[in-house]
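What follows is a set of notes on a single structure, which appears directly below.
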Amino acid sequence: MQSLKGKKALITGGSRGIGRATALELAKEGGEVGLVARTENSFDVIRKELSQLGVKFAVAAADVSNETEVQHAVGKIEAELGAIDILINNAGVGASGSFMELSTDTWKKLLDINLMGMVYVTKAVLPSMIERNKGDIINISSMSGLKGTEGSSAYSASKFAVIGMSEGLMQEVRRHQIRVSVLTPSLVETDLTRDGDQRDPDRFTQPEDLAEYMVSLLKLEQRSFIKTSAIWATNPF
Ligand SMILES: NC(=O)c1ccc[n+]([C@@H]2O[C@H](COP(=O)([O-])OP(=O)(O)OC[C@H]3O[C@@H](n4cnc5c(N)ncnc54)[C@H](OP(=O)(O)O)[C@@H]3O)[C@@H](O)[C@H]2O)c1
């Protein structure tokens with residue numbers, strides 16, 4: 001197992017839910033975290049939590065679907081923490097409704113955030129990983145990226161795309177000792193699912209479980225290609 005002490009991790013969507021839990025878990029391991037979310041005040045809670053843990057951290061407000069904002073945010077975080085060792089592409093949004101109910105604007109928004117957001121952030125972080133011949137990238141897809149279901153065609157399409165992008169990227173960067181993992185969680189209890197999902201609460205996993213899993217992956221010594229499918233709760237389909 002390798003230590004994560006002093007490793008610099010950039011987590012998109014780090015203010016709430018899975019991203020917040022992952023930031024705290026990495027901080028407990030001595031990692032330094034850089035967080036991206038859309039608004040400055042969304043960091044209020046996590047700022048306090050990270051300060052209590054006494055770790056170095058940085059935050060930057062940016063919409064991941066805006067490439068210019070992403071470049072500024074990554075630049076700010078790298079200026080404060082240094083070059084990024086670990087990228088967790090986690091920011092994402094959902095949309096439910098039948099194919100005909102979902103407007104083309106909603107389709108574009110989902111693909112812009114859930115797919116292009118990952119592309120912009122990865123493009124901003126990857127050159128320094130390639131230069132240093134090391135790095136870890138974890139992309140958060142979803143079980144909806146493995147199977148489409150009624151009422152979530154746009155979300156599924158965006159999450160299928162994340163898997164395709166991640167698999168292609170893995171093959172390109174493994175020669176630089178950069179690991180790319182793609183996770184496909186099922187239901188996790190966060191703001192994304194809490195309001196809209198009336199299913200049995202026992203079927204939800206907790207963001208902390210996923211965070212622990214990510215940290216255990218990052219601690220592996222293995223420097224080769226990794227493809228991971230983390231299926232957590234009972235199959236919701
Ligand atoms: N919860 C689940 O059951 C589940 C299952 C499988 C996969 N996932 C995936 O896991 C990831 C995290 O989901 P979550 O459940 O933790 O959601 P969440 O609790 O709603 O948190 C989403 C995070 O992403 C940020 N965010 C959203 N849109 C953004 C944008 N355009 N630019 C920058 N930041 C943005 C949010 O902050 P702001 O709103 O302040 O920007 C927040 O920090 C998503 O990719 C989701 O698709 C979730």
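The values are calculated or read from the model by the stated rules, or taken from the named source; none is laboratory data. Remember, predicted model here, so these are calculated numbers, not experimental data. No Cβ is skipped: glycine too gets one built from the backbone with ideal geometry, and neighbour counts run over all protein chains shown. These area figures cover heavy atoms from the full protein model, side chains too; ligands, DNA and RNA do not enter into them. Shrake-Rupley method; radii C 1.70, N 1.55, O 1.52, S 1.80 Å.
Out of the residues in region 92-110 that are within 11 Å of the ligand (Cβ to nearest atom) and assigned to a loop (DSSP other than H, G, I, E, B), which is farthest from VAL36 (Cα to Cα)?
Restricting attention to region 92-110, the residues satisfying the condition of being within 11 Å of the ligand (Cβ to nearest atom) are 92-95, 109-110.
The next check asks that each one be assigned to a loop (DSSP other than H, G, I, E, B); those that pass are 92-95.
Values: GLY92: 12, VAL93: 14, GLY94: 18, ALA95: 21 Å.
It comes out as ALA95.
When residues of region 61-84 are filtered for being in a loop (DSSP other than H, G, I, E, B) and open to solvent by less than 20 Å² (accessible area, probe 1.4 Å), how many remain? Full working, then the answer.
If we filter region 61-84 for residues that are in a loop (DSSP other than H, G, I, E, B), which is where we start, we get 62-66, 82-84.
Then drop every residue that is not open to solvent by less than 20 Å² (accessible area, probe 1.4 Å), which leaves 62, 64, 84.
Total satisfying the criteria: 3.
Failed condition for ASN66, given (1) within 9 Å of the ligand (Cβ to nearest atom); (2) under 20 Å from GLY17 (Cβ atoms), with all others met?
Every listed condition holds for ASN66 apart from (2).
In the list LEU4, LEU24, LEU87, which residue meets the criterion of being assigned to a strand (DSSP E or B) and more than 29 Å from GLY151 (Cβ to Cβ)?
Working: LEU4 fails: assigned to a strand (DSSP E or B); LEU24 fails: assigned to a strand (DSSP E or B).
When all the criteria are applied, what remains is LEU87.
Among the listed residues ASN139, ASN114, which satisfies the condition of being under 26 Å from LEU217 (Cβ atoms), part of a helix (DSSP H, G or I) and open to solvent by less than 60 Å² (accessible area, probe 1.4 Å)? Spell out how you get there, then give the answer.
Details: ASN139 fails: part of a helix (DSSP H, G or I).
Going through ASN139, ASN114 in turn, the sole match is ASN114.
In region 19-51, which residue that is among the acidic types (Asp, Glu) and in contact with a strand residue (DSSP E or B) (Cβ under 8 Å, 6 or more places away or on another chain) is farthest from the ligand (Cβ to nearest atom)? Show your work before the answer.
We begin by selecting, within region 19-51, every residue among the acidic types (Asp, Glu); these are 25, 29, 32, 40, 44, 49.
With in contact with a strand residue (DSSP E or B) (Cβ under 8 Å, 6 or more places away or on another chain) added as a condition, the list becomes 32, 40.
Details: GLU32: 18, GLU40: 9 Å.
Restricting to residues being among the acidic types (Asp, Glu) and in contact with a strand residue (DSSP E or B) (Cβ under 8 Å, 6 or more places away or on another chain), the top hit is GLU32.
What do you reckon, is ASN133 touching a residue at least 12 places away in the same chain (Cβ under 8 Å) and within 10 Å of the ligand (Cβ to nearest atom)?
Values: touching a residue at least 12 places away in the same chain (Cβ under 8 Å): yes; within 10 Å of the ligand (Cβ to nearest atom): no.
No, not satisfied.
Please verify whether region 30-49 includes one or more residues that are of a type in the set (A, V, I, L, M, F, W, C) and more than 17 Å from the chain's Cα centre (by Cα).
yes
Which residues, counting only those in region 51-60, are over 20 Å from LYS123 (Cα atoms) and surrounded by fewer than 22 Cβ atoms within 10 Å (Cβ to Cβ)? Explain how you work it out, then say what you get.
Step one: list which residues in region 51-60 are over 20 Å from LYS123 (Cα atoms), which gives 51-57.
Result: SER51, GLN52, LEU53, GLY54, VAL55, LYS56.
Going through LYS123, LYS147, LYS109 one at a time, which residue ends up being out of contact with any Lys or Arg (no Cβ under 6 Å at 6 or more places or on another chain), of a type in the set (Lys, Arg), touching a residue at least 60 places away in the same chain (Cβ under 8 Å) and open to solvent by 40 Å² or more (accessible area, probe 1.4 Å)? Walk me through it before giving the result.
Details: LYS123 fails: touching a residue at least 60 places away in the same chain (Cβ under 8 Å); LYS109 fails: touching a residue at least 60 places away in the same chain (Cβ under 8 Å).
Unique residue meeting the criteria: LYS147.
Does ASP191 qualify as being among the charged types (D, E, K, R) and under 18 Å from the mean Cα position of the chain (by Cα)? I'd like the intermediate steps shown before the answer.
Numbers: among the charged types (D, E, K, R): yes; under 18 Å from the mean Cα position of the chain (by Cα): yes.
So ASP191 fits the description; yes.
Looking only at region 3-14, how many residues end up being within 14 Å of ALA60 (Cα to Cα) and open to solvent by 10 Å² or more (accessible area, probe 1.4 Å)? Steps first, answer last, please.
In the first step, residues of region 3-14 are kept if they are within 14 Å of ALA60 (Cα to Cα); the result is 9-14.
Next cut, open to solvent by 10 Å² or more (accessible area, probe 1.4 Å) only: 13.
Qualifying residue count, region 3-14: 1.
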